[in-house]
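Undergrad: Starting off with a structure, shown below.
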Amino acid sequence: MPQPLVTLTGESLGWGGQLALHDVSLQIAQGEQIAILGRSGAGKSTLLTALHDRAQGRLALVPQDHGLIGALSVFHNVWMGVLDDHGTARNLRTLIWPNADERGRVAQVLGVVGLDDLGRRPVSQLSGGQRQRVALARALLRGGALVLGDEPVTALDPEQGAALLDHLLGAFPTSVLVLHDVDQALRVATRIIGLRQGRVAVDAPASDLSADDLLQLYR
């Protein structure tokens, strides 16, 4: 049996001295596609942060605030996904003069997210949906065993968001995504974790759940 990528055992989780979740016990196994659901303030982002902090191996992150640097170009924000793969000298050179291989790698993922011609544009000049796609491109460039995403497609129209979500899940063997759409979660996830009143209220295979089951999390 392969080792789980993340394990939480009876943990209380929070931030800023405030507890958000109590007695959380779960494991994330290789190959799972997990959706986290719950009302605003239920602790979804707190749980995702805890999983990020404890995950083993290479992982990519699509944070809710995108985690971009507005003064830098789209290219450089995407390239940040692989900064830790290279030494300081190469990273400084790439900041000033990226070579053809580096430009090509970034151009490939920008094409996937529909930002083909925006590599040189400062992120500060982008719309919210474009910024979200830059964050997705950065995760795709990074790659890894696991992707964690906090509402990674909410700024996109439904058709585009569904297509990019499918591509993201296809690029990573394991995923844990905070989603806000119950039907979308049932479509893409193999397992759903639902949070309610500070606890894990649902943890089951998506195939065992219905939309009505999950809507109870919001009542």
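Undergrad: When you look at Ala162, is it in a strand (DSSP E or B) and surrounded by fewer than 18 Cβ atoms within 10 Å (Cβ to Cβ), yes or no?
TA: When the stated conditions are applied, Ala162 does not pass them.
Undergrad: Mind listing just one residue for me: the one in the range 136-152 that is farther than 15 Å from Gly119 by Cβ and either open to solvent by 10 Å² or more (accessible area, probe 1.4 Å) or not hydrophobic (A, V, I, L, M, F, W, C) (or both) and, of those, nearest to the chain's Cα centre (by Cα)?
TA: Filtering the range 136-152 for residues that are farther than 15 Å from Gly119 by Cβ and either open to solvent by 10 Å² or more (accessible area, probe 1.4 Å) or not hydrophobic (A, V, I, L, M, F, W, C) (or both), the one nearest to the chain's Cα centre (by Cα) comes out as Gly149.
Undergrad: Would you check which residues across the range 128-150 are out of contact with any helix residue (DSSP H, G or I) (no Cβ under 7 Å at 6 or more places or on another chain) and farther than 17 Å from Gly170 by Cα and list them?
TA: Answer for the range 128-150, where residues must be out of contact with any helix residue (DSSP H, G or I) (no Cβ under 7 Å at 6 or more places or on another chain) and farther than 17 Å from Gly170 by Cα: Gly128, Gly129, Gln130, Gln132.
Undergrad: Ok, one more. In the range 45-64, is there at least one residue being hydroxyl-bearing (Ser, Thr, Tyr), more than 23 Å from Val188 (Cα to Cα) and touching a strand residue (DSSP E or B) at 6+ places or on another chain (Cβ under 7 Å)?
TA: Within the range 45-64, none of the residues are hydroxyl-bearing (Ser, Thr, Tyr), more than 23 Å from Val188 (Cα to Cα) and touching a strand residue (DSSP E or B) at 6+ places or on another chain (Cβ under 7 Å).
Undergrad: So in the range 1-25, with the set limited to residues that are under 19 Å from the mean Cα position of the chain (by Cα) and not in a strand (DSSP E or B), which one is modelled with the lowest pLDDT?
TA: If we take residues in the range 1-25 being under 19 Å from the mean Cα position of the chain (by Cα) and not in a strand (DSSP E or B), then Pro4 is modelled with the lowest pLDDT.
Undergrad: Moving on to the next point. Where in the range 26-135 are there helices (runs of 4 or more DSSP H), lying fully within it, with 1 or more residues that are open to solvent by 40 Å² or more (accessible area, probe 1.4 Å) and closer than 30 Å to Pro2 by Cα?
TA: Helices (runs of 4 or more DSSP H) meeting the threshold: 44-54.
The values are calculated or read from the model by the stated rules, or taken from the named source; none is laboratory data. The structure displayed is predicted, hence computed values, not measured ones. Heads up, the Cβs are rebuilt from the backbone with ideal geometry, glycines too, and the neighbour counts pull from every protein chain shown. Calculation scope for accessible area: heavy atoms of the full protein, side chains included, ligands and nucleic acids excluded. Shrake-Rupley method; radii C 1.70, N 1.55, O 1.52, S 1.80 Å.
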